[in-house]
Structures are given as C-alpha cells and as structure tokens.
Amino acid sequence: MAHWSNWSGRHRAEPDRLHFIRSEEDAAALALGAQKQGRTIRVAGAGHSHAPLVPNSEVIADISALSGVMSVDQDHQRAWVRAGTPIYALGPALHQYGLALSNQGDIDRQTIGGACGTGTHGTGRGVANLSAAVVGARVASAMGEIIECDPAQTSDVWNVACLNLGSIGIVTALELQLREAYRLAESAFVADGDEVEARIPELVAENDRFEFYWSPQTDRAFVKRMNETNEPAQYPVAAEGKRVAWSFEVYPSHRAQLHTEMEYSVPMERGPDCFRAIKELVTLDFPDVEMPVEYRTVASDDVWLSTANGRETVTISVHRDIHHDEGPLFRACEEIFLEYEGRPHWGKVNYLDGEQLAAIHADWDQWWLERDRLDPSGTFLNDYMRSIRSS
Ligand SMILES: Cc1cc2nc3c(=O)[nH]c(=O)nc-3n(C[C@H](O)[C@H](O)[C@H](O)COP(=O)(O)OP(=O)(O)OC[C@H]3O[C@@H](n4cnc5c(N)ncnc54)[C@H](O)[C@@H]3O)c2cc1C
C-alpha cells in the first residue's frame, strides 16, 4: 500500500495509488482515466499544508517531476514555470534572466503550484500573495484536456485557477508576473512585546517588508525588517536577521521544529488590536505555549478566495509543537480571529464549515460554480473539499 504524509506528519494517507506524473500528457491521461473509473485524485506538491488538502484514499499524484522554467518573456517580465518547481529552485533559475518573484514566504520548500494554489504569501506593505502573480495556467482537466487560461481570453477558468485548492485539475504549468531581480538587506532586533506592539504602524510604514515573532514565554519579540538595497550581496549568506543578498537568498528561513499552524488574515487597520487580543489570550489561558505568534502584512488583491481580496491585510499565525494537541489553543484563537473579520489561510488549520466560508468569501459561490463546470464528476475533490462545500 502507498503512503503519503504532510511535512508535520499530522496528515497521512494510504491511497490505492501514488502516481508520479512524468509529463503533461501523463497528467491528462491520469485525469481522464480517473474520471472514467469514478475515482478521485489529489495532487501532492511538497506536502507543506497544515490543512487536509492532499489526503485522499484513491489517487495521490506527485507533481515533483514537472519542474523548471519553460520560457521567459523579458519584455513583460513574465515566465512560464512547471507547477512542480520548488520555490528554492525557481529563485536561481529566474535570476539567470535578471528576474525574481516579488515576494516569498518564510520557507522555500513549497512547489510553486502548491504555493499559488493556497494563497501563500510573505510580508510587506504593497506586496501581494503568490496567487496574485498568476497570469496564466495550464490545467489537465477531468476530461483529459489541457486547458490554457489567462485573464483576458478565459477569465472564467483563470479566476479559479489562481487559487485553486487543488480542485480543478492537475495544474501542469503557471505563467507568473515577475519583476527585475533585487537585493534585500535584512536586519533584526529583539524588544519587549509591548514596545513592538506600540510601534507596529511605524514599523509597517518605514519598511518594505516587516514582520515580527512574539514569544509568549519571554514576552519578547524578534522583529525582522527587509528593505530593498543596492548594497552588494555578502557571502556566505549570514544567519536570519543579518543578511544582504539577492531576494531569493534572503527570504527563506529554516523551520526545524515540526509544528502545526493556524493563520488568519484580518483587515490591516484591525491587525494591532487583533494581535493584542491573541497575546492576552495566550498569556492568560495558555501559559504553556512555547512557539511564537507571527505578524505580517500583505497587499490587497482581487483573486477569488484570496484572504487579501479587496483589503490590505495583516496575517497573524499561531503555532503549536506537533507533540501537543493544538485544538484548544487554535479553537480559542479562531473565535478571536472571527471577531476581527478574519479569513483563514487555506494551507493552515481552521475549523470552519462551508457556510462560514461562504460568508467570508464574496466569490465563494462563483468559485464553486466554475470548479463544478470544469470537473462535474468531482474527480478532483477529497473528503475535506466535499466537507466545506456549502449545501
Ligand atoms: C514550515 C512551513 C512554513 C510555511 N510558511 C508559509 C509562509 O511563510 N507563508 C504562507 O503563506 N504559507 C506558508 N506555509 C504554508 C504553505 O506555503 C502552503 O500550505 C503551500 O500550499 C504548500 O505548498 P506545497 O507545495 O507543499 O503544496 P501541498 O501542501 O502539497 O498542496 C497544497 C494544495 O495545492 C494542491 N496542489 C499542489 N500542486 C498542485 C498542482 N500542480 N496541481 C493541482 N493542485 C496542486 C494540492 O492538491 C493541495 O490542495 C508554510 C508551511 C510550512 C509547513
């Protein structure tokens, strides 16, 4: 029997079949075959989602062989990349063309397909999530066709393809809007939690990219600032908090402690108050929590199901070591996040049902309508996706 597990080990599956996709033609044939046999498929990227998006008892399709840059449009600063390309490989490959992603998350182990498919983001006022960089996609559909979509000609498909939750087909390639390569100077300091909390608006405004991690055990915050610079890169790249190098060399950190995570996005102006409420909850009711609370910002976008759709956003994440039951902490935090108009990160833990998600996302019904049109037999739905579809 085949085995699959996500990064933390919290989600596991024993599918009837683990298929290693070898080409776009292979993906199309796999999709058609499953549809005809009434079987379901979920694609596995790098397995870094904390939400049960990949587990499936029938077919899990590994996309890692579809990797690399396919073509580059220098004039428009765009590139077609294979969906299984790990972000750590994408940075150096794009750099050869003098191009880069506008932003990246805390780690670079994800595939670009998985990251875009869940609205993965980094931090920075004015910098949108990765789904917002998608300007084209190629999808192997349940009908065995390769559908290519873009915002101009085929916006119906493109609207669901940008943030697709693995539910419209096998994404074989993405066209991404990039920018010229840039260097970042990262600097960090540690201060009292209250001091950093009081300075949030100023730190957001002063820095291209700002985030902090508040540690409940010490009530201290590790503040990270990343600003674009013309300073030369310094090698070997220093430890987190002291780096000056090309963007793709500065963004990623190493996350050694296996954990699970909940993250909600709230409107930018409500971020500081929401953080304060979470801090109070953790301090008073969960004194044993040892992992930090993270605070970041993301620019507004118009991507269907994006947590930053239509609003400048603050994201707040709570973490729990994998050996603890995260349920009590996460459920208590979720109540607070919802009071602050929170929207859950698709790749992390939440306990919402379809009705609650429909109330949060204005484009929820349209997203499902288009998804269903592309995959009427539900070939690309798993238990989790079926559980959140509103009745
Ligand atoms: C240590 C750690 C750090 C993280 N840091 C951040 C961060 O800084 N910012 C942030 O926003 N998130 C972060 N995340 C969350 C992570 O970025 C997302 O969960 C992302 O989706 C993981 O990408 P993946 O390649 O592992 O995809 P997976 O988790 O394998 O898959 C995610 C979804 O995409 C689908 N999928 C993947 N590839 C394809 C494809 N080619 N075709 C169709 N569907 C596909 C899957 O079916 C699934 O539905 C972090 C997660 C971990 C574990």
### Task
Please grab the % of Cα pairs in segment 183-344 that end up more than 20 Å from each other.
54
### Task
Quick one: pull the percent of accessible area on the chain belonging to carbon and sulfur, 1.4 Å probe, ligands and nucleic acids left out.
48
### Query
Of the lysine pairs in the chain, how many meet both conditions: Cα atoms under 30 Å apart, and a spacing of 8 or more in sequence or different chains?
6
### Task
Taking 7 Å along the Cα-to-C-beta vector as the label spot, tell me the residue 257-residue 154 distance in nanometres, rounded to one decimal.
4.5
#### Entry: Largest-first principal axis extents of the Cα set of segment 292-387 (Å)
42, 32, 19
### Message
Can you give me the accessible area per residue for segment 6-63, using a 1.4 Å probe, in Å²?
### Response
43
### Message
Students often check this: by mean Cβ neighbours within 10 Å, which of 1-8, 94-101, 291-298 ranks highest, and how do the rest follow?
### Response
291-298, 94-101, 1-8
### Query
What per residue convex hull volume, in Å³, comes out for the chain when only alpha-carbon positions are used?
132
### Query
Based on Cα positions only, what radius of gyration and what Dmax would you give for segment 1-51, in angstroms?
12.2, 34
### Task
Using the 2.2 N^0.38 Å rule of thumb for compact globular proteins, work out how segment 13-81 stacks up: its C-alpha Rg over that value, please.
1.34
#### Entry: Evaluated over segment 149-277, the Cα radius of gyration and Dmax, each in Å
18.7, 54
### Query
For residue 276, what accessible area in Å² do you get when you roll a 1.4 Å probe over the heavy atoms of the protein chains, rounding to the nearest 10?
100
### Query
In a Debye calculation with equal point scatterers on the alpha-carbon sites of segment 69-180 and no solvent, what is log10 I(q)/I(0) at q = 0.17 Å⁻¹?
-0.75
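The values are calculated or read from the model by the stated rules, or taken from the named source; none is laboratory data. Not measured: the values here are computed from a predicted model. Ideal geometry is used to build each Cβ from the backbone, glycine not excepted, and the neighbour counts take in all protein chains shown. Heavy atoms of the whole protein, side chains included, go into the accessibility calculation; ligands, DNA and RNA do not. Shrake-Rupley method; radii C 1.70, N 1.55, O 1.52, S 1.80 Å.
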